[in-house]
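Undergrad: Quick one: this structure, given as structure tokens, is what I'll be asking you about.
The values are calculated or read from the model by the stated rules, or taken from the named source; none is laboratory data. Owing to the predicted nature of the structure, the values given are computational and were not obtained by experimental measurement. Please note: Cβ atoms are built from the backbone with ideal geometry, for glycine as well, and neighbour counts cover all protein chains shown. All accessible areas refer to the heavy atoms of the entire protein, side chains included, with ligands and DNA or RNA removed. Shrake-Rupley method; radii C 1.70, N 1.55, O 1.52, S 1.80 Å.
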Amino acid sequence: MIALFDILASAGLWAAVLRIATPLLFGTLGALVCERAGVLNLGIEGIMTFGAMIGWYSVYSGADLWTGFLIAALAGGIFGLLHAVLTVTLGLSQHVTGLGVTLFASSFAYYIFRLFVPVAGTPPTIEPFQPIDIPGLSSLPFIGPAFFSQTPPTYLAVALALILAYFLFRTPLGLAMRMTGENPHAAEAQGINPMIVRYGALIFGSALMGMAGAFLTLSAFNSFFPTMVQGRGWICIALVVFSSWRPGRALLGALLFAFFDGFQLRLQTALSGVIPYQIFLMIPYILSIAALAVMARRARVPQALMQPYRRGER
Amino acid sequence: MRFERREHRSPTLIVAAPLLAVLIALALAGVLIAIAGAPVPEAYWHILTGAFGSRLSATETLTRAAPLILTGLAAAVAFRARLWNIGGEGQFYLGAITVAGASAHLLGGLPSLVQIPLLLVLGAMAGMVLLLVPLWLRLRFSVDEVVTTLLLNFVALLFVSLLIDTVLKDPLAFGWPQSESVADAAMLPKLLARSRLHIGIIIAVVLAILVHLVQSRTAFGMQSRAAGLNPSGAAFAGVPLGITLVKVACISGGLAGVAGAIEVMGVQGYVTTNLSPGYGYSGIVVAMLANLNPLGVVLAALFAATMFVGADSMSRSMGIPTYIADVTVALSLLSMLIALFFTQYRIAR
């Protein structure tokens, strides 16, 4: 029990929670934006992988960190455009298209990585983002080191959640987007072009997924290796459902999830040798499934999610 | 650009679609090979000879095709009923570890003729169980099975890793994480001496034919198709949706489980956590390339196996990363989706 309390009371745990939550938050917000406009984007896992690779590779070959971060976002946006052409213009199955984008984006990322980065015993590294102390707040006892001594992308992710919440529920464009996800025919009757809204949502949402990947290689770690995304994209898709498609709750969901993940990581070291580490590693995935089971019926799904919109066709 | 529905789906186009898709994918992958600075025609020649140029390589390609046929069938059967089973990878591993554990600890003493069929059934059952969980979640809590099957892939792999680290760990493997080996009597007979080719490919093709017969000749085949095309219409016509989906899940999960089983019993005899180079995921591409047709799955799996085996050998001789095979296979899925679209629609003038 004392060990448990020690873990919970350490600022290190809470600092780790924000760090673990950041890529999940970027990814969840990205998927949420796409789904609010009516498109399920299962490309997320691959787009995160590609973002992680291209962001890292840009910095590795001389770009500064923010440029790498932006390039990852841009690459994500391009995959979003591809997804949009297939699912919005052609109206193809969003499930299969998304998986196709994931398979393509991740294998493409591995291909480029293997092609341009020489195989070495230890993977080459870059100098990642350093934590920035928020003046004043970071010197608060406990709370300071836990929450106000993070790397810049973490602050960006939290700010984005708040901005998106405002955007979706307080601006005309946000309303247009939600309407497109609920009923594109009605949106069109209001003079909104659902096609353009969905294109925009997919490109922007996928750019956020690219950033989610870039955070992994530019802040959480300092190198890239294949399969490093480890299903985080799929966890984000579950978190979208858990958050009932609301950015504010996505922030809470990502934090809650990251708390369990950070906690199990520390428990794992405390209990190593007693309980096999694989049990702990399973927890995030099982937790996601449980969250889905609890929330799926309760959450209000955007009504037109996964339904292609074709003008003049029902 | 606007599209209009064709009055009739063009049968020529439906047959041409996969060929077109593969050609487009190969052309696009050619661009990537060119970026790597290698001569493209030579690279493709190396892939072709690498996959079929010798007795060894041809048997290797067929060996690789066997699990791909089965995971492809698993996806095709499920997708036809709109059951999005993306968990083939996890079902594969669960089938594999079940076979290894059962043969090493329970059935190892039985003669081949009894043990092999028993193990295949056990492998299938393991795959089934792993798919019935997400199906239950869908039917009971309306949870989308795409995400749950995907997440369960990671759980299954960790579970396998746990078992080969603990109860099923091979004590003779010098601490290397691998499972105990199956009994000699559990190894599938070789088709050709001095090769890795085993009768798994025959099992896979026979199962493809069986699935084809079930789908085209039985009421259940019709019902599963109807459940996919129009669930409410099918329910109205008296199709028991829940039971139909459970049966579909049993077949789909079972096929993926068998894929894992034959891979263990046919090739290396024990389980490691890199037993599958993504067979479950490639199976999805195989199923789509075949337009969900069980016999087409065999051909599509051969294409994918050719790419994987050929690219391995091309990579060794030309220094192009082997991932080019994965890129090509993924691109062929995307171009197949587009090609299928144009069997139904045309560009409006």
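Undergrad: Checking A:THR28 against (1) farther than 21 Å from A:TYR309 by Cα; (2) open to solvent by 10 Å² or more (accessible area, probe 1.4 Å); (3) out of contact with any Lys or Arg (no Cβ under 9 Å at 6 or more places or on another chain): exactly one of these is not met. Which one?
TA: Unmet condition: (2).
Undergrad: While we're here: Looking at A:PHE79, A:PHE142, can you tell me which residue is more than 30 Å from B:GLN344 (Cβ to Cβ) and either out of contact with any Lys or Arg (no Cβ under 8 Å at 6 or more places or on another chain) or modelled with pLDDT of 95 or more (or both)?
TA: Values: A:PHE79 fails: more than 30 Å from B:GLN344 (Cβ to Cβ).
Unique residue meeting the criteria: A:PHE142.
Undergrad: Looking at the stretch A:289-297, can you tell me whether even one residue there is charged (D, E, K, R), out of contact with any strand residue (DSSP E or B) (no Cβ under 7 Å at 6 or more places or on another chain) and modelled with pLDDT under 90? Step through it out loud before you land on a result.
TA: Of all residues in the stretch A:289-297, those charged (D, E, K, R) come to A:297.
Subset that is out of contact with any strand residue (DSSP E or B) (no Cβ under 7 Å at 6 or more places or on another chain): A:297.
Filter once more, keeping what is modelled with pLDDT under 90: A:297.
Yes: the stretch A:289-297 contains one or more residues that are charged (D, E, K, R), out of contact with any strand residue (DSSP E or B) (no Cβ under 7 Å at 6 or more places or on another chain) and modelled with pLDDT under 90.
Undergrad: Could you check the stretch B:212-228 and list, in sequence order, the residues that are more than 17 Å from B:LEU302 (Cβ to Cβ) and in contact (Cβ under 8 Å) with a residue 40 or more places away in the chain?
TA: The first filter runs over the stretch B:212-228 and keeps only residues more than 17 Å from B:LEU302 (Cβ to Cβ), leaving B:213-228.
The answer is B:GLN215, B:SER224, B:ARG225, B:ALA227, B:GLY228.
Undergrad: Tell me which residues, restricted to the stretch A:182-207, are over 26 Å from A:ALA63 (Cα atoms) and either open to solvent by less than 30 Å² (accessible area, probe 1.4 Å) or among the polar types (S, T, N, Q) (or both).
TA: So in the stretch A:182-207, the residues over 26 Å from A:ALA63 (Cα atoms) come out as A:182-202.
Scanning the stretch A:182-207 gives A:ASN183, A:PRO184, A:ALA187, A:GLN190, A:ASN193, A:PRO194, A:VAL197, A:ARG198, A:ALA201, A:LEU202.
Undergrad: Which helices (runs of 4 or more DSSP H) sit wholly inside the stretch A:208-314 and have at least 1 residues that are surrounded by fewer than 17 Cβ atoms within 10 Å (Cβ to Cβ), among the hydroxyl-bearing types (Ser, Thr, Tyr) and more than 21 Å from the chain's Cα centre (by Cα)? Don't jump to the end; show me each part of the working.
TA: Values: elements: A:232-242, A:247-270, A:277-295.
Helices (runs of 4 or more DSSP H) meeting the threshold: A:247-270.
Undergrad: Filtering the stretch A:117-144 down to residues that are within 14 Å of chain B (Cβ to nearest Cβ) and either surrounded by 13 or more Cβ atoms within 10 Å (Cβ to Cβ) or of a type in the set (A, V, I, L, M) (or both), which residue is farthest from B:ALA34 (Cα to Cα)? Let's see the steps before the verdict.
TA: In the first step, residues of the stretch A:117-144 are kept if they are within 14 Å of chain B (Cβ to nearest Cβ); the result is A:117-119.
Imposing the further condition that a residue be either surrounded by 13 or more Cβ atoms within 10 Å (Cβ to Cβ) or of a type in the set (A, V, I, L, M) (or both) reduces the set to A:117, A:119.
Values: A:VAL117: 17, A:VAL119: 21 Å.
Step by step, filter the stretch A:117-144, then rank; the result is A:VAL119.
Undergrad: Scanning the stretch A:160-179 for residues that are of a type outside the set (Lys, Arg), over 18 Å from A:VAL39 (Cβ atoms) and open to solvent by 40 Å² or more (accessible area, probe 1.4 Å), which turns out farthest from the chain's Cα centre (by Cα)?
TA: Taking the stretch A:160-179 as the starting set, the residues that turn out to be of a type outside the set (Lys, Arg) are A:160-169, A:171-177, A:179.
Now narrow it down to the ones that are over 18 Å from A:VAL39 (Cβ atoms): A:160-163, A:165-166, A:169, A:171-172.
When the remaining residues are screened for being open to solvent by 40 Å² or more (accessible area, probe 1.4 Å), the result is A:162-163, A:166, A:169, A:172.
Values: A:LEU162: 15, A:ILE163: 16, A:TYR166: 19, A:PHE169: 21, A:PRO172: 25 Å.
Among those residues, the one meeting the criterion is A:PRO172.
Undergrad: I'd like the full set of residues that are open to solvent by 30 Å² or more (accessible area, probe 1.4 Å) and either more than 9 Å from every other protein chain (Cβ to nearest Cβ) or part of a helix (DSSP H, G or I) (or both), limited to the stretch B:121-149. I'd like the intermediate steps shown before the answer.
TA: From the stretch B:121-149, those open to solvent by 30 Å² or more (accessible area, probe 1.4 Å) are B:121-122, B:125, B:128-129, B:132-133, B:136, B:138-142, B:144; that's our starting set.
If the condition is that a residue be open to solvent by 30 Å² or more (accessible area, probe 1.4 Å) and either more than 9 Å from every other protein chain (Cβ to nearest Cβ) or part of a helix (DSSP H, G or I) (or both), then B:VAL121, B:LEU122, B:MET125, B:MET128, B:VAL129, B:LEU132, B:VAL133, B:TRP136, B:ARG138, B:LEU139, B:ARG140, B:PHE141 are the ones that fit.
Undergrad: Among B:ALA78, B:ALA74, which is the only one that is in a helix (DSSP H, G or I), within 14 Å of another protein chain (Cβ to nearest Cβ), farther than 30 Å from B:LEU172 by Cα and open to solvent by less than 10 Å² (accessible area, probe 1.4 Å)? Explain how you work it out, then say what you get.
TA: Working: B:ALA74 fails: within 14 Å of another protein chain (Cβ to nearest Cβ).
After applying the criteria, what remains is B:ALA78.
Undergrad: Still on this structure: Tally up the residues in the stretch B:155-171 that are more than 8 Å from chain A (Cβ to nearest Cβ), in a helix (DSSP H, G or I) and either touching a Pro at 6+ places or on another chain (Cβ under 6 Å) or free of Cβ contacts under 8 Å to residues at least 40 places away in the same chain (or both), please.
TA: Going through the stretch B:155-171, the residues more than 8 Å from chain A (Cβ to nearest Cβ) turn out to be B:156-157, B:160, B:163-164, B:167-171.
If we keep only those that are in a helix (DSSP H, G or I) too, we end up with B:156-157, B:160, B:163-164.
Applying the additional criterion that residues be either touching a Pro at 6+ places or on another chain (Cβ under 6 Å) or free of Cβ contacts under 8 Å to residues at least 40 places away in the same chain (or both) yields B:164.
Of the residues in the stretch B:155-171, 1 are more than 8 Å from chain A (Cβ to nearest Cβ), in a helix (DSSP H, G or I) and either touching a Pro at 6+ places or on another chain (Cβ under 6 Å) or free of Cβ contacts under 8 Å to residues at least 40 places away in the same chain (or both).
Undergrad: Among the numbered conditions (1) more than 8 Å from chain A (Cβ to nearest Cβ); (2) surrounded by fewer than 24 Cβ atoms within 10 Å (Cβ to Cβ), tell me where B:LEU289 comes up short.
TA: (2)
Undergrad: Using the structure shown, decide if B:LEU152 is within 14 Å of another protein chain (Cβ to nearest Cβ), open to solvent by less than 60 Å² (accessible area, probe 1.4 Å) and modelled with pLDDT of 95 or more. Full working, then the answer.
TA: Details: within 14 Å of another protein chain (Cβ to nearest Cβ): yes; open to solvent by less than 60 Å² (accessible area, probe 1.4 Å): yes; modelled with pLDDT of 95 or more: yes.
Spelling it out, B:LEU152 is indeed within 14 Å of another protein chain (Cβ to nearest Cβ), open to solvent by less than 60 Å² (accessible area, probe 1.4 Å) and modelled with pLDDT of 95 or more.
Undergrad: Test of understanding: among B:ILE347, B:ILE262, which residue is in contact with a strand residue (DSSP E or B) (Cβ under 9 Å, 6 or more places away or on another chain), more than 30 Å from A:ILE112 (Cα to Cα) and buried (at least 24 other Cβ atoms within 10 Å of the Cβ)?
TA: Numbers: B:ILE347 fails: buried (at least 24 other Cβ atoms within 10 Å of the Cβ).
Residue meeting the stated conditions: B:ILE262.
Undergrad: Out of the residues in the stretch A:72-101 that are open to solvent by less than 10 Å² (accessible area, probe 1.4 Å) and among the β-branched types (Val, Ile, Thr), state the one that is farthest from the other protein chains (Cβ to nearest Cβ).
TA: Filtering the stretch A:72-101 for residues that are open to solvent by less than 10 Å² (accessible area, probe 1.4 Å) and among the β-branched types (Val, Ile, Thr), the one farthest from the other protein chains (Cβ to nearest Cβ) comes out as A:VAL88.
Let's see how each residue does on (1) within 17 Å of A:THR87 (Cα to Cα); (2) crowded, with 24+ Cβ neighbours inside 10 Å:
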| residue | (1), (2) |
| --- | --- |
| A:LEU8 | no, no |
| A:ILE44 | yes, yes |
| A:THR49 | no, yes |
| A:ILE54 | no, yes |
